[in-house]
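In what follows, a single structure is set out as structure tokens and then discussed.
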Amino acid sequence: MNQEEKISSYQLLLLATFFTVGSSILELPSTLVTIAEQDAWIAMLLGIAISAIMVGLYLLLIRQYPGKNLHQINEAVFGRKIGGIVSFYLTAMTFFLGPPTVIYYLGRFLSIQIMVETPASSTHLLYGLLAIFAVALGIEVIARVAEILFPIFFILYLGLMLLLIPLVEFERLQPVFEHDFKTLLWASIFYVQFSCFPIIIMLTSFQGKVTQQKKAPKAFFLGNFFGGSILFITTLISVLVLGKLTALFNFPSYVLAQKINVGDFIQRIEMVITVMWFITLFFKLVLYFDSAVVGFAEILKIKNHRFLVVPLGILIIYFSLTNFPNDVYQLNQDKTTWIPHSFFLGVLYPIVVLIIGFVQGKLKEKRKGIHRPSESKGG
Amino acid sequence: MIAAIFIFLSGVLVTWIEFRRAGRQINRKEQILFLFILGIGIGLSMLKAIGVPIPNPMDFAIAFYHPFYDLLIEFFGQKGS
Amino acid sequence: MKMKRVLFILILTVFCLTASSCWSRRELNELAIVVGFGIDKVGDQYQVSLQMVNPSEVVTQGEGTGRTPVIVYKEKGKTVFEIIRRLTTLTPRKAFFSHMQIMVISEEVAREGIKKALDFFWRDHEIRFDFFIVVSRKSKAEDVLNVLTKLERIPSRKLFTSLETAERYWAPVNAATLDKFVRTLLAEGIAPTLTGISIEGDVKEGGERENTEDVSREVSLKYKGIAVFKEDRLVGWLNEMESKGKNYILDNVNSTVGSVRCPHEEKHFTIEVIRAKAKVIGKVENGKPAIYIDQVSEANLSEIQCSKLDLSQPRTIKMIESATEQRVKNILQSTIYAAQKKYKTDFLGFGEAIRQADPEYWSKNKQNWQQEFVKLPVHINVDVNVKHTGKVSNSFIKEMEDSKSEKE
Amino acid sequence: MKRTKKGIYQKQILSQKNDSLFQYMPENIQKIKEGLGNSNDLLIREFVVGKEVKRLVAIVYTKGLADTTAIERTIIKPLLFEAREIEWFEDHTEEEILARLQQYISTSTLQEITTFQDLFSAILTGQTVILVDGITKGLKANTEGWESRNVDDPTTQSVVRGPKEAFTENLRTNTVLIRRKIKSPDLWTEKFEIGKETKTIVEVMYLKGIANDKVVQEVRNRLNKIQIDGIFESGQIEEFIQDETFTPFPTILSSERPDTIAAGILEGRVAIIVDGTPFVLLVPALFVQFLQSPEDYYQRSDFGLIRLLRYLAAMIGLLAPSFYIAVTTFHQEMLPSTLLLSIAAQREGVPLPAFAEALLMEISFEFLREAGVRMPRTVGQAVSIVGALVIGQAAVEAGIVSGVMVIVVSITAIANFIFPNFNMSIAIRLLRFVFMAFAASFGIFGIVVCFIALLLHLCSLRSFGVPYMSPLGPFILEDQKDTILRYPIWKMKERPRLISQRNIRRERTSMPKPDGRG
């Protein structure tokens, strides 16, 4: 019944936006300001530029292998065995490091800021079950939910940012360019590692399912760019309003929302940003999860991938509860494992695939050119 | 202990529901895979609920990736941040 | 397709299991809403006093039961949070801090340094950053919280709103929220300031209920002066004039009123500042730092006692303007004197201005900024524009004097 | 035009009645009487007809179902008087005999029947059967005419401005009401007979060329699959043919307003009219349709903004109590200080936790509402007075619930009455309790999780192949003109995209300008 899942390019754009915004909308400004202080927004611009280049690279991948998902590309490039190993490494590692961390973020936020006494296991379980429910229904339904939630998200976001404008003080940006390029680049890595490199795994979810195949790359690119812009504005506003204090908070955007007070009427609305964050986090989790399910099904050669949803979902919930004994461990782990992993996944891997694919293509052309010039469809 | 029993029961429930739902559409390979992965998840959760210390796989991941991270740090010349 | 249904039921069952405990639930009538917070020093321990609201006394459709609208609890201990939790042995309900209005720090604690006491507020999730911090001058924070007020039933609420209004219409106060305070504490080249509060009248009588009933009873709370800090330690107090100058320089003035002596006579006129804009510009010329202060304000003439000024003449406005400018300049200079000579602390943010102008110079010299600051040349430029003269032009006082002189 | 579709099961059940008619009249009459168990309302009358050669002719009909005066005028009278002049001959074939007889009977339709099955179903639908001795064929004449209600005001979906007629229990009246609105030859109907015992007539109506053929075929298939002994209301049909059973949301629109149905048909939807109920079904139905009132199209288009109000009401009706619970038990910091104090003051002394308080109030309100609907109209008023007193004043004064809770419950209740369609308000009512439970255990987080789950569920629904949440998700820009807002009618140039995939243009002019104004 659900064999023919189709999503439109507009839906793809929204999914990419949500994936990019992800957990970052609440936490990213803090990390950026810690490293680049008042120049955080420049680091963010740099990050957007880097992610534009990287996503451009992924688009090359799409163009070279139209309609194929990540694992089918692997098979085409590396052959069946090595391709399988590469696919398995990428999928398993991303599955192990990605979705549990996303749930952990949620649990951490809830137990620090909102519901201190509630044990993590219950919130993790609830969110995990929601994700299982979503992935079981399939990417098509998720995309539709994205379409309905996006206007809500966007209106809330715009409203928050507009309400914060009276609190802006431009002196907080000075001195501009206090930090050197290397520091800014290092800061921008904290954006791209969450929002740009891992977005390559979305290729597993949507490749071959977009109705207008031609518009897909553009939508994918724009979605990432749009999400980046949202994060850029958030970072800029938190620097302008909170200044260096941003670095001291775990959740600066939450503090930003706390500061809003318009005529003693619109006040205490920090729940709005929480709700927005729940939404973006949900999509990030679900997209990771879905790509993992599709990926494992592809590797294990299973036709009906719905079958893997519940067991893998239970594993995600388990990992989210046990992977991180405490916050400091998690922060440390985030840097030491996720940054290299996202480098492998989002930089090294596509470049290698592109180069090998290019060489293979060249070789094939040569061979064909000599022996059978008529056959041009193969490969 | 009660938690472990509950986890086990929910595992059984999930299996029952899934198999009933899919009916004869499932082949053997899928069944085995399903039970295998579910077994890992449920088993680990039960052990955790009982209080058996389980090594954290994240430690291995950190050990695996640390050299690469050090490389990056060296490249950017950032310390401790 | 059935999958969805089953999963939905599964979620429901899970929630049923979890719902039975509802860990983080706190009913409204199980909360003690804290509105005021006071920190004192007793021996080498902190003493925390919490002012809690008695809701049914505050919101009364019928008649109250005659109890006081607020209750103050106090307790001693080593750290703030420890004290707060120990207070549960005293209070019937758990304290709830999200609606705190004011935090009073006693002068004694402030002189010793307040950063130790503040970390809890920075860390706890219930605390928001919209309450004001004040320093109680010459009295204990506990006593300040004990005073019952007349117009507003909740004293802390009174303190909050009156500080808010005072900041808007009367310059010499400094409404500092926690985040603002910590920001200045952290920033290089600027020192924090807080408003002072003092009790007028007999401290003992303030807490009695009669204080809210007797019209003539004179125990009340009043904002007085601004406390100047060096790092997190209080070093001294600014008087009204210096406070005003401080707010002028830091561009905190929304609207204020000042009286200026009339030219050629011992009478005064009052200027109401409508808009004020100040800019502190740092410059480093030939390796020497200097500060330029540009102060522009728009003002109305709101009261005039002078008899020799003819308001129908444009010349007179010029005179008034230059007299006012001189006055403002004096105010600013007195503040700068207080900063550089009296207390030797950079609460005016001159260091920040230099840093923004020349980060390189700043990073080289920030170690010995203290010495640099004291001898920093400050150039002041004041510009006052008088716009309106109220409903009338010449005062009836002048008309009277004129007609008198005509008769004579 | 009438094509009777009979299911296989019908044939099996009627096998013993499925024999062809006998030649000998008394045998026939015997069989009819046995078949109907000598029912009292069966009427059989015999005549002798013919000039030279006389033949026995019998008419059979059911009292009450058939229009007796019409039978007397069009069948009995001609047979008694004019038909005496018929000249029969012994060697006439059966066709000739019937042909001669037909010339005298003046009903509008007259069809031949050959089997007892035809005979019984004719009698039981109010037709009159004419049998002639000596031949194995009979005639049936349409003489249906039973008591029915007149076309009346709609009672469940009333409007201030707009047509004031509603469907009745009579199928024919209903099709007429629709045909009078759409006078197009493309308006086709198909007849189905559903119900082993009730033999309810169900007609499917659509605009050929505009309705999606796939949807029409799907409707046919699903109707044909129904095997049940009886159908009394379109709701039963609805339950058989809807896509998803276990959902609180209606995926088929039912309306008693001919204009709503006609407008739906014009958009390319398919109407299903069931005999015996004034509620006509319309498929495919989308979520947004349930928040649209026909009046939206009759009032000025800028008043289409009122639709926004309904979306707001849907949100309030769904979320208000849960939001109250979440805020007062988990997120007290969200309330402004003064508001918090006044709520706290009211809750002072209330013995129940907010969740129990809300549950108590909501449930007692639901009791009141249900009682108000079911009560005889004369007692209804007493209920509402008692309810207002109990729920409102007394509960607050007794200190069992807080005043704010009463306000929340009342707002929720009023918001729930705003829906133009009753089905949707039942769905919202049900889900409200789920939301309340989640809010009580997880606060705002629970509400958000529940809301996302609800959206997931809604987005996974389909109504006859059309995604339920379209045109919101999948988002269709062109259809937004008639979703949350209503554009001026001359701007809505196209039919809903997913409903009719052919013949999309409505072919309207652009903004009409009064003469002489350029």
Given all pairs of different Cα atoms, what value in angstroms does the Kirkwood hydrodynamic radius of the protein assembly as shown take?
38.2 Å
If every alpha-carbon in chain A counts as one equal scatterer, what log10 I(q)/I(0) does Debye give at q = 0.09, 0.10, 0.11 1/Å?
-0.52, -0.64, -0.77
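What is the dipole size for the protein assembly as shown, taken about its Cα centre, with +1 at each Lys and Arg Cβ and -1 at each Asp and Glu Cβ, in debye to the nearest 20?
Values: 156 positive and 140 negative charges, 736 e Å.
Magnitude of the dipole: close to 3540 debye.
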Between B:Asp70 and C:Tyr337, take the C-beta separation as r, use R0 = 45 Å, and let me know the FRET efficiency to the nearest 0.05.
0.25
HN-Hα J in Hz across the stretch A:238-248 - Karplus 6.51, -1.76, 1.60, θ = phi - 60°, x for Gly and Pro:
6, 5, 5, 9, 9, x, 6, 4, 3, 5, 7
The stretch A:7-29 residues near the modelled A:Lys214 label - backbone nitrogen below 16 Å, point 7 Å along Cα→Cβ:
A:9-10
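Please list D:377-386, A:308-317, D:164-173 highest first by mean number of surrounding beta-carbon atoms within 10 Å per residue. The partial results should precede the final answer.
Values: D:377-386: 11.3, A:308-317: 25.1, D:164-173: 18.0.
Put in order of decreasing packing, that is A:308-317, D:164-173, D:377-386.
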Tell me which residues come under 5 Å, amide H to amide H, from C:Ala176 once H is placed; ignore anything under 5 positions away on its chain.
C:Ile133, C:Thr195
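List the relative contact order of the stretch A:151-280 as a percent without decimals, with contacts defined as Cα pairs under 8 Å and 6+ residues apart. Intermediate values should be presented prior to the final figure.
Details: 70 pairs, mean separation 47.4, N = 130.
Across the stretch A:151-280, relative contact order equals 36 percent.
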Check C:Gly236: other-chain or 5+ apart residues with amide H under 5 Å from its amide H, H built from backbone geometry?
C:Val228
Counting only protein heavy atoms and rolling a 1.4 Å probe, one gets per residue an accessible area for chain C in Å² of 47 Å²
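Listed here are the pairs A:Lys209/A:Lys284; D:Lys33/D:Lys225; C:Lys116/C:Lys140; C:Lys140/C:Lys344; which of them are more than 23 Å apart at the Cα? Each step should come with its number before you reach the end.
Numbers: A:Lys209/A:Lys284 19 Å; D:Lys33/D:Lys225 32 Å; C:Lys116/C:Lys140 18 Å; C:Lys140/C:Lys344 27 Å.
Pairs exceeding the cut-off: D:Lys33/D:Lys225; C:Lys140/C:Lys344.
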Provide the buried accessible surface between chains C and A in square angstrom, both chains summed, 1.4 Å probe, rounded to the nearest 100.
2800 Å²
Which aspartates and glutamates, on any chain, are close to C:Lys318 with Cα under 18 Å apart, when same-chain ones fewer than 8 places away are left out?
C:Glu265, C:Glu272, C:Glu298, C:Glu303, C:Asp310, C:Asp383
Amide H proximity to D:Phe464 below 5 Å, modelled H, separation 5+ or other chain, gives D:Asp243
Relative contact order computed over chain A (Cα-Cα under 8 Å; 6+ residues apart), in percent:
38 percent
Using a 10 Å cut-off on Cβ atoms, rank the peptides C:139-150, D:301-312, D:478-489, A:86-97 from the highest mean neighbour count down.
C:139-150, A:86-97, D:478-489, D:301-312
Based on DSSP H runs of at least 4 residues, each adding -39500 (n - 2.57), what is the mean residue ellipticity at 222 nm of chain D after dividing by all its residues, to the nearest 500 deg cm²/dmol?
-12500 deg cm²/dmol
Quick one: helix D:377-387 against the long Cα principal axis of chain D, what's the angle to the nearest 10°, folded into 0 to 90?
10 degrees
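Given a 1.4 angstrom probe, what's the average accessible area per residue across chain A, in square angstrom?
Values: 13330 Å² over 379 residues.
On a per-residue basis, 35 Å².
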Inter-chain shielding metric for C:180-187, i.e. average beta-carbon neighbours from other chains within 10 angstrom, reads 2
With a Cα-only, solvent-free Debye model of the stretch C:241-408, what are the log10 I(q)/I(0) values at q = 0.08, 0.09, 0.12 Å⁻¹?
-0.32, -0.40, -0.61
Per-residue HN-Hα couplings for the stretch C:95-101, Karplus 6.51 cos²θ - 1.76 cosθ + 1.60 at θ = phi - 60°, whole Hz, x for Gly and Pro?
6, 10, 9, 5, 10, 4, 9
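Can you pull out the buried accessible area for chains D and A, both sides counted, probe 1.4 Å, rounded to the nearest 100 Å²?
Details: alone 26190 and 17600 Å², together 41120 Å².
Interface between D and A: roughly 2700 Å².
With N denoting the number of residues in the stretch A:245-351, provide Rg(C-alpha) divided by 2.2 N^0.38 Å, to two decimal places. The partial results should precede the final answer.
Details: Rg = 19.0 Å, N = 107, 2.2 N^0.38 = 13.0 Å.
Its radius of gyration relative to the 2.2 N^0.38 Å reference: 1.46.
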Note to self: with every protein chain in place and a 1.4 Å probe, the stretch B:2-76 gives an accessible area per residue in Å² of 64 Å²
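Summing both sides, how much accessible area is buried between A and B? Use a 1.4 Å probe and give Å² to the nearest 100. Let's see the in-between values first.
Values: alone 17600 and 7250 Å², together 21470 Å².
Interface between A and B: roughly 3400 Å².
Which of rounded, prolate, oblate describes the stretch D:197-275, given a ≥ b ≥ c as roots of the alpha-carbon gyration tensor eigenvalues and a/c under 1.5 marking rounded, otherwise prolate only if a/b is larger than b/c?
rounded
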Contact order normalised by residue count of chain D, Cα under 8 Å, 6+ apart, percent:
13 percent
For chain C, which whole-number percentage of the solvent-accessible area (1.4 Å probe, protein heavy atoms only) is attributable to carbon and sulfur atoms?
50 percent
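The values are calculated or read from the model by the stated rules, or taken from the named source; none is laboratory data. Since the model is a prediction, treat every value here as computed from it, not as a measurement. Please note: Cβ atoms are built from the backbone with ideal geometry, for glycine as well, and neighbour counts cover all protein chains shown. These area figures cover heavy atoms from the full protein model, side chains too; ligands, DNA and RNA do not enter into them. Shrake-Rupley method; radii C 1.70, N 1.55, O 1.52, S 1.80 Å.
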